[in-house]
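The values are calculated or read from the model by the stated rules, or taken from the named source; none is laboratory data. If you're wondering where the values come from, they're calculated on a predicted model, not measured in any experiment. Don't worry about glycine lacking a Cβ; one is built from the backbone with ideal geometry, like all the others, and counts go over all protein chains shown.
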Amino acid sequence: MGKKLYVGNLSFSTTDEALARTFATFGQVESANVITDRYSGRSKGFGFVEMSSSESADQAIQKLNGSNLDGRTIAVNEARPMTPRDNNSRGGGFGANKSNRNGGFGRSDRGENNNDSSSNNN
């Protein structure tokens, strides 16, 4: 069974192919992916390499962690499983109270109640 490795502090110019070539000296590379921003396409500065055997992965960690790749000192570790994300926490937005999701027009936190019938000018 293979082992997936995390590679951090990559140069923004490092490609999937360059990453695969670097790790191929230690054994068969199943996959090599530099993670990119989905909107800009720019590298996020880290990636993952999957080696075909645990022995070759361990050797790559030992030899490449702290080494230089494309002018940067890279960090190579065994990848940790992805932790589940909290789907209830949404970033950004305009003034929504995260606990009760009251935002936008007619917000009660500003003392404005648009449905107040006592303020009619009869």
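Looking across A24, A57, A32, A75, one residue alone is surrounded by 15 or more Cβ atoms within 10 Å (Cβ to Cβ) and out of contact with any strand residue (DSSP E or B) (no Cβ under 7 Å at 6 or more places or on another chain). It is A24. Scanning the range 71-87 finds one or more residues that are over 23 Å from G2 (Cβ atoms), modelled with pLDDT of 95 or more and part of a loop (DSSP other than H, G, I, E, B).
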